[in-house]
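Following: one structure in structure tokens, then a few remarks.
The values are calculated or read from the model by the stated rules, or taken from the named source; none is laboratory data. If you're wondering where the values come from, they're calculated on a predicted model, not measured in any experiment. So basically every Cβ, Gly included, is an ideal-geometry build from the backbone, and we count neighbours across all protein chains shown.
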Amino acid sequence: MGKLLRWIGSDSFVVSLVAILLGLICGAIIMLIGGYNPIVAYIALFQKIFGSPYDIGETIREITPLILTGLSVAFAFRTGLFNIGAEGQFLIGMTGATFVGVKLSGLPWIVHAPLAVIVGALAGGLWGALAGWLKASRGVNEVITTIMLNWIGLFLSNYIVASFLLQPGQQRSYMIQDTASMSLPWLAAAFGNARLHWGTVVALLAAVVFYIILWRTKLGYELRAVGHNPHAAQYAGMNVNRRMVTAMFTAGIFAGLAGVFEVLGVFHYQTVMAASPGYGFDGIAVSLLGMNNPFGVVLGAALFGGLTYGSAGMSFGADVPPEIIRIVIGSVIFFVATQGIVRYVLLPFYKRRGKEVAKA
Amino acid sequence: MVTDIGGVNDKSFNQSAWEGLKKLEGNGVTVKYLQSKSDADYIPNMNTFVKDNYDLVWGIGFLMGDQLKTVATQNPNSKFAIIDNVVDAKNVESVTFAENEGSFLAGVVAGLMTKTNKIGFVGGVDIPVIKRFDLGFEAGVKAVNPNATITKNYTGAFDKPDLGKAAAATMYNAGVDIIFHASGATGNGVFNEAKDRVKAGKKVWVIGVDKDQSLEYGDDVTLTSMVKRVDEAVIRVTKDVINGQFKGGTTQVLGLKEDGVGLPDTSKKNVPADILAKVDDYKKKIISGEIKVPTAQ
Amino acid sequence: MVPLSTADTVVELKGITKRFPGIVANDSISLQLKRGEIHALLGENGAGKSTLMNILFGLYQPDEGQIFVRGEPVTIDSPNKAFDLGIGMVHQHFKLVQPFTVTENIILGLEPSKGLNIDYKSAHARVAKLSEQYGLKIDPKARIENISVGMQQRVEILKTLYRGADILIFDEPTAVLTPQEIHELIEIFRGLVAEGKSIILITHKLKEIMEIADTVTIIRRGKVIDTLKVAETNPKELAEKMVGRGVSFRTEKKEAQPGPVVLDVKDVTCLGGKGLPVLNGISLQVRAGEIVGIAGVDGNGQSELIEALTGLRSIQSGSVTLKGKDITNEKPRRISEAGLSLIPEDRHKHGLVLDFTMSENMVLETYFHPEFSKGIFLNYDAIDKYAERLIQEFDVRTPSIYNKARSLSGGNQQKAIIAREIDKDPELLIAAQPTRGLDVGAIEFVHKRLIEQRDHGKAVLLVSFELDEILNVADRIAVIYEGQIVGEVLPKDTNDQELGLMMAGSKRMQGGEARG
């Protein structure tokens, strides 16, 4: 608790807050230029996020996959790897869960649902590990392989859905069995039928697991050593290559879980997609916002997801067109991500404070 | 009105629907749209309209069917309408098009105008809607020109112009001189390939889809288009609601008779009058029920 | 108006004070640089030399004090301002664009143009002329990535001259150079001064100061201790002023008592990156209770030998045994656990994870031992306690064990590595360039610890390019040349000239002959 209070008073918290404010001001200027009323728009934005239990529930639904893909990118980054492939891991994880959810039947919920989650998570993990293995064994840059694997993942998922799971006459798979559902109907009822599901709990647990693995276990110690300085890790007798694969595997599990719960918790089916849904790419921004810290990622996802969901309110309540809303969201993200600019803006205040301290 | 990811400037479906809706604005009627950023947005967007007590909520496109059904079931007192899909609920009016009928007429044009007796069809994804285009077109061709052969290619995507271009190139190389596409943006590739060939001095044609595509790609490659009047459909159903005649639980199939599908007036630039006269004959026969055009479910 | 008395003073610093959170880096420092003078700035790592020069070069702003350049009070708020005032700096870490040519690097930012194109012809000519004028002997068209470190340093010097600098600051210029290159650099300094330039030389190497500087200012803990004429002082006095206590240059040690063979290297051959042998049937023995020094010019297989011994490089043929146990091509961790410790040559790259805390760094090789871990978890309490003990015992100066290794001075980083490696209680300790970049006090510490290991009956292998160090510390010297041991001598039977010839490959001896 004391730690939390100290953090709120700390420099990085103030900077983040000011960054969000600057982003909103910048967005307001753009809206004024475009001839829209920013105050009405922002009120509509916040109303959309917090306005009703339904909206709060749907905001949480929007945030959940972003936490997981954000953790995926952040985990790899802590190990010195740039995981652009959360998107592909997301899709493969999703497909794994859909497959188990649709094809198996007659199992009780307590077996079927967790099984679908585990299979999906492992599928995502292996998809990530593939990029890690290519880097470890062949030295192929993981940025390139993960980007490629995103496309392969997209088409492979579509192929699997279209060939084995397709409901005739539809562009989507059969519905998953009820026993594989990870929805929370009783909670959803309390939130005006918002699509709440177990994935949110899992995402928050994942942030804790992220922290424990990296900062409490031997494995995490090795992963971080490899991430900061692979040479020193090698000199200290760690198996750098194997750790790269482990790191990408773990990152893939996080991203895979995001996809798993989109199927088991939100849609209950998987469509044949023309393009990736983009949660993996948003995960890069979220991880950046959260400064690769698991709890920062949760906050970053809340910001990103809240803005994304709330933006419909700006469109609906203030008639701001979607294009301008994207600029507004973009400028908030921009300021949070480029903290250097914010610090520069804050410099005069800090200087004055510094002088006062010196006088005292 | 809730659009899919394309938004109201997609030069296709969503845009056409929004243009229709906008014509009804005024006289106490307010219209508004929400663009979906992903599949997950369909439901919250529809709910936004429901919660603000809109009299009618439109879902544009086949893909929104499941979600529209969920929202309609949860809100039995609100009214919904959907294009291109059939949702079985008391408070939903579904609108589909008899694409097979319009495509039949396109087939008549192609069958009469081909010089090589080889005709192509490029489809998007193999789903019932596209299948209707395919079967209607084939029937039209065979009715006037039993000797013509039709090459078919389903590219598997509505948004991949590169695939469309490749498919068209293969067909034209094999001697096909007219291609009918029913593949959304994938068809842009078909048009591009045809344009390249026309520039190189060959005479090849494309038959467009959904909108009058000669307006976008020019008359030198666009033979005609199989137009789906989404705007007309939106106006029709919305007017019913305004006049208190909402037909929930029913499905409206808009065919030639209802002017929901057809060939645009610009066709006469490239299609000789005698052929257009034949097209008119067939149109009358279809409307009267004398000809039954095959369809798909 | 420039007062006459300061006419030949080009730079004067008066009462410069610079505070950083927690420390006063410069405490009221005053300094005068005369025209045509080489003024050395002497101090231990962290004494505040670099901070002072960064202030003069415009990278930092002083909190108090005044700078005069040629008698005029000035404010230097950026390196560009410093250039305008004729001040140039050659940094310890070069700031060059590797794929560019010498000329391109020199003109970067000030390209002479001909229309829209860069006028390479006149640029080449000007660089060539400057190079000749100051005896730098550099090819203007060579690419940076293809020239030696010494040459790269000359490019940095040319960069400052090209920008019209007549006051040059050198930050530890010899730290990266070979003995040969150091000689040449000293010649260059003489040439620069003869042309009327003034030089500030930041260093902690007494030998260089005695050889080249005119005046020396000693700084300790941010304060000026003294300014002396070099002609009127001696290394001992300088060292004492720098460290603040008496220092011994000769390392005190007892006669070695060699015991049984600990490390036995037999005919080891390794291939390098291009498939050519970098170790060429090398053989070597190190006994318990002795320090064997490997002398040689850089690039003759020293790094490869260490990598082969520690399991980082695969051995093509031959064998390595440690205390009778075959460790040829074993995994690094098995070798480390078998009793081999390494103080690596590049402590930033190989020795430490700079972004780990000191505590985490202390268990880099032992974190998995049962005393530091419970199941899959690490026992951070035990690790912290252990780190606390080592840091006390080896006098590593850090505010706490939770500070990042990056924040420590080079000497303290090295002490931490030594603490870690020695506390593993290894049978064999390999020390590669253990004193590179360290100041007198820290060097003394390192040497004492190596000898202490020996006196405890352990084997020590010392690899160094500094002949003085080898002659001082080793009990037996093996000379490496082109991947082979070309001779072994005892320190008392040889001198640096003989060693130098052997290192250059011109005097071959049969291994072991000199021990006879």
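Quick look at the values:
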read-out	value
Selection status of C:Lys81, in a loop (DSSP other than H, G, I, E, B) and over 21 Å from the mean Cα position of the chain (by Cα)	no
Answer from C:Ser336, C:Ser400 - the residue that is among the small types (Gly, Ala, Ser) and surrounded by 20 or more Cβ atoms within 10 Å (Cβ to Cβ)	C:Ser336
Test result for B:Asp10, under 30 Å from A:Gly265 (Cβ atoms), more than 10 Å from chain A (Cβ to nearest Cβ) and of a type in the set (D, E, K, R)	yes
From the options C:Tyr367, C:Tyr386, residue that is within 19 Å of C:Ala419 (Cβ to Cβ), hydroxyl-bearing (Ser, Thr, Tyr) and assigned to a helix (DSSP H, G or I)	C:Tyr386
Cβ pairs under 8 Å, 6+ apart, first in segment B:257-275 and not assigned by TED's automatic domain parsing to the domain that holds B:Gly136 and at pLDDT below 85, second in a strand (DSSP E or B) and among the hydroxyl-bearing types (Ser, Thr, Tyr)	none
Within segment A:164-184, considering residues that are modelled with pLDDT under 90 and not in a loop (DSSP other than H, G, I, E, B), the one nearest to A:Lys103 (Cα to Cα)	A:Leu166
Cβ-Cβ under 6 Å pairs, at least 6 apart or on other chains, segment A:211-239 side at the interface with another protein chain (Cβ under 8 Å from one of its Cβ atoms) and more than 18 Å from A:Ser72 (Cα to Cα), far side of a type in the set (D, E, K, R) and assigned to a helix (DSSP H, G or I)	A:His231/C:Lys349; A:Gly237/C:Arg333; A:Met238/A:Glu222
Qualifying position, being out of contact with any Asp or Glu (no Cβ under 7 Å at 6 or more places or on another chain), in contact (Cβ under 8 Å) with a residue 40 or more places away in the chain and assigned by TED's automatic domain parsing to the domain that holds C:Arg35, among C:Glu172, C:Glu184, C:Glu232	C:Glu172
Hits in segment C:384-417 - residues which are among the aromatic types (Phe, Trp, Tyr) and farther than 21 Å from A:Asn229 by Cα	C:Tyr386, C:Phe394
Candidates A:Phe77, A:Phe155 - the one that is in a helix (DSSP H, G or I), modelled with pLDDT under 95, within 18 Å of A:Leu288 (Cβ to Cβ) and out of contact with any Cys (no Cβ under 6 Å at 6 or more places or on another chain)	A:Phe77
Segment B:65-81 residues that are in contact (Cβ under 8 Å) with a residue 12 or more places away in the chain, paired with ones that are small (Gly, Ala, Ser) (beta carbon under 7 Å, 6 or more apart)	B:Leu68/B:Gly59; B:Lys69/B:Ala89; B:Ala72/B:Ala89; B:Thr73/B:Ala89; B:Lys79/B:Gly248; B:Phe80/B:Gly59; B:Phe80/B:Ala72
From the options B:Asp39, B:Asp52, B:Asp84, B:Asp4, residue that is within 12 Å of another protein chain (Cβ to nearest Cβ), without any contact (Cβ under 8 Å) to a residue 40 or more places away in the chain and either crowded, with 19+ Cβ neighbours inside 10 Å or in contact with a strand residue (DSSP E or B) (Cβ under 9 Å, 6 or more places away or on another chain) (or both)	B:Asp39
Some residue of segment C:315-327 being crowded, with 17+ Cβ neighbours inside 10 Å, of a type in the set (A, V, I, L, M, F, W, C), outside the structural domain of C:Ala47 (by TED's automatic domain parsing) and not in a loop (DSSP other than H, G, I, E, B)	yes
Residue satisfying all of: in segment C:354-371; of a type in the set (A, V, I, L, M) and over 23 Å from the mean Cα position of the chain (by Cα); farthest from the other protein chains (Cβ to nearest Cβ) among these	C:Val363
Meets criteria (touching a Phe, Trp or Tyr at 6+ places or on another chain (Cβ under 8 Å), aliphatic (A, V, I, L, M) and part of a helix (DSSP H, G or I)) for A:Leu149	yes
Single residue of segment B:204-238 satisfying the filter (part of a loop (DSSP other than H, G, I, E, B) and of a type in the set (A, V, I, L, M)) that is surrounded by the most Cβ atoms within 10 Å (Cβ to Cβ)	B:Val221
Residues located in segment C:411-426, provided they are in a helix (DSSP H, G or I) and crowded, with 17+ Cβ neighbours inside 10 Å	C:Gly411, C:Asn412, C:Gln413, C:Gln414, C:Lys415, C:Ala416, C:Ile417, C:Ile418, C:Ala419, C:Arg420, C:Glu421, C:Ile422
Filter pass, B:Val125 being surrounded by fewer than 24 Cβ atoms within 10 Å (Cβ to Cβ), touching a residue at least 60 places away in the same chain (Cβ under 8 Å) and closer than 30 Å to B:Phe49 by Cβ	no
Matching residues, segment C:387-407, being in contact (Cβ under 8 Å) with a residue 40 or more places away in the chain, of a type outside the set (Ser, Thr, Tyr) and touching a strand residue (DSSP E or B) at 6+ places or on another chain (Cβ under 9 Å)	C:Ile401, C:Asn403, C:Lys404, C:Ala405
Residue identified as over 21 Å from the mean Cα position of the chain (by Cα) and within 24 Å of B:Thr266 (Cα to Cα) among B:Asn145, B:Asn188, B:Asn173, B:Asn192	B:Asn145
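So that you can scan it fast, the table gives a plain yes or no per residue for (1) crowded, with 24+ Cβ neighbours inside 10 Å; (2) at positive phi; (3) not basic (Lys, Arg):
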| site | (1), (2), (3) |
| --- | --- |
| B:Val92 | yes, no, yes |
| B:Leu112 | no, no, yes |
| B:Lys115 | no, no, no |
| B:Leu135 | no, no, yes |
